[in-house]
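The values are calculated or read from the model by the stated rules, or taken from the named source; none is laboratory data. Not measured: the values here are computed from a predicted model. Note that each Cβ is placed from the backbone with ideal geometry, even for glycine, and that neighbours are counted across all protein chains shown.
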Amino acid sequence: MTAFDAIVIGGGIAGISAAAELAREMSVLVLEAEPQIGYHASGRSAAIFIRNYGNDTLRALNAASAPMLEAPDGISNRSLLSPRGEMLVADESELAALEAYARDATGLERLTSQQAVELVPILRRDCIAGAVIEWDAQDIDVDRMLAGYANALKRRGGRVITNARIDGLSRIGAAWHVVVRGDSYLAPIVINAAGAWASEVAEMAGAAPLSISPLRRSAAILPAPDGHDMTRWPLFASAAEGWYAKPEAGKLMVSPADEDPVEPHDAWADDMVLAEGLHRYEQAVTVPVTRVEASWAGLRSFAPDRTPVVGFDTRAEGFFWLAGQGGHGVQTAPALAAMTAALCQGAAPAIGDAITSAVSPQRFGC
């Protein structure tokens, strides 16, 4: 049996970043069920940092993560962010949604329909009843971020085991016993960063029955519209979240912005869902969709109130939740990793009591 101070179940960006922070002071093992880290949601992210994305708690986490993303000391030698911008456009039926988004947002600029079309020339001007842009939205280099945290974890003495699907998880005395392929690993703290599988891990541990629901999100890669240089285009999206589009390596990524409940699995795009979303996108632009070059899907996992769950379970000693990040996992990872490390070491998180309480599993009685 090999003993550690903490075992992290799940090698996505949440688990790897938390493990890297914990490894500053603790011995840490990460167990990842897939052949590589970041295989599921982390590797299929839209890879953009939007300060106004999410509820009040998530916006506070976004703000707390920004300094590290901009100056990732120990993770990368340069910023993980690069300019992009996010523009929301609304037809008449979506104006209420646009106003609801703008009401509590900061740093937004109102645009006329002409200004919106100047930024993204393929938009149909006659369909735009309102538009706003967040100039400070930025692309995130997710691959470099994940690799940087993984390298930091290893430099600090942490260990990662892939192809490590858990066969057993039980609390015996003062330690959790985690069994993988007949090998046992012990630690007083187990961190549940299993993403779409978080509820299954919790059930195995006998923790409180908190429902973390996986929702599928699909995307497609389209050829660049003929005659257009997309280099400076922002991400542009329907204010009612019917679709969004983002320049991606000289192509255009378009998502139906779907949120279909599914069982945890290696997700793929549903052809009908993708076709319906691309049709909604086509109604807003002047360029028809003639070819889909690639498509994929990922699972975004949510707690019932769509706020992350971070903290110790009250029923299972030493069982720590780091789950339910939804579509905010990459951009909130630095803040949640720092919070996880503080709580596991018995310290007060720097982000403060209000946000720490807002994400605690105790809000569900867990």
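Quickly run through the stretch 182-208 and pick out the residues that are free of Cβ contacts under 8 Å to residues at least 40 places away in the same chain and over 18 Å from Gly15 (Cβ atoms). Listed by number, the residues that qualify are Gly182, Glu203.
Taking Val262 and the conditions (1) under 22 Å from the mean Cα position of the chain (by Cα); (2) closer than 30 Å to Ile191 by Cβ; (3) touching a residue at least 60 places away in the same chain (Cβ under 8 Å), which numbered condition does it fall short on, given that it satisfies the others? Unmet for Val262, out of (1) under 22 Å from the mean Cα position of the chain (by Cα); (2) closer than 30 Å to Ile191 by Cβ; (3) touching a residue at least 60 places away in the same chain (Cβ under 8 Å): (3).
Of the residues Gly318, Gly327, Gly298, only one is within 28 Å of Pro209 (Cβ to Cβ), crowded, with 18+ Cβ neighbours inside 10 Å and touching a helix residue (DSSP H, G or I) at 6+ places or on another chain (Cβ under 6 Å); which?
Details: Gly318 fails: touching a helix residue (DSSP H, G or I) at 6+ places or on another chain (Cβ under 6 Å); Gly327 fails: touching a helix residue (DSSP H, G or I) at 6+ places or on another chain (Cβ under 6 Å).
Result of the check over Gly318, Gly327, Gly298: Gly298.
Looking for something assigned by TED's automatic domain parsing to the domain that holds His328 and touching a Gly at 6+ places or on another chain (Cβ under 6 Å) - is there at least one such residue anywhere in the stretch 42-64?
Checking the stretch 42-64: at least one residue is assigned by TED's automatic domain parsing to the domain that holds His328 and touching a Gly at 6+ places or on another chain (Cβ under 6 Å).
The single condition among (1) surrounded by fewer than 16 Cβ atoms within 10 Å (Cβ to Cβ); (2) touching a residue at least 40 places away in the same chain (Cβ under 8 Å); (3) assigned by TED's automatic domain parsing to the domain that holds Ala116 that Leu222 does not meet is (1).
Annotation: of all residues in the stretch 117-127 being touching a residue at least 60 places away in the same chain (Cβ under 8 Å) and outside any strand (DSSP E or B), the one that is surrounded by the most Cβ atoms within 10 Å (Cβ to Cβ) is Val120.
In this structure, does Gly148 turn out to be in a loop (DSSP other than H, G, I, E, B) and either small (Gly, Ala, Ser) or within 30 Å of Ala46 (Cβ to Cβ) (or both)? Considered against the rule, which asks whether it is in a loop (DSSP other than H, G, I, E, B) and either small (Gly, Ala, Ser) or within 30 Å of Ala46 (Cβ to Cβ) (or both), Gly148 comes out as no.
Mind counting the residues in the stretch 151-202 that are part of a loop (DSSP other than H, G, I, E, B) and either out of contact with any Gly (no Cβ under 8 Å at 6 or more places or on another chain) or farther than 15 Å from Ile16 by Cα (or both)?
We begin by selecting, within the stretch 151-202, every residue part of a loop (DSSP other than H, G, I, E, B); these are 156-158, 162-167, 173-174, 181-182, 188, 193-194.
Okay, now just the ones that are also either out of contact with any Gly (no Cβ under 8 Å at 6 or more places or on another chain) or farther than 15 Å from Ile16 by Cα (or both), so 156-158, 163-167, 173-174, 181-182, 188.
Looking only at that region, the number is 13.
Each residue in the stretch 213-242 was checked for being touching a Phe, Trp or Tyr at 6+ places or on another chain (Cβ under 7 Å) and not in a strand (DSSP E or B), and 1 pass. Give the number of residues within the stretch 22-50 that are over 12 Å from Val160 (Cβ atoms), at pLDDT 95 or above, in contact with a strand residue (DSSP E or B) (Cβ under 8 Å, 6 or more places away or on another chain) and not hydrophobic (A, V, I, L, M, F, W, C). Total satisfying the criteria: 1.
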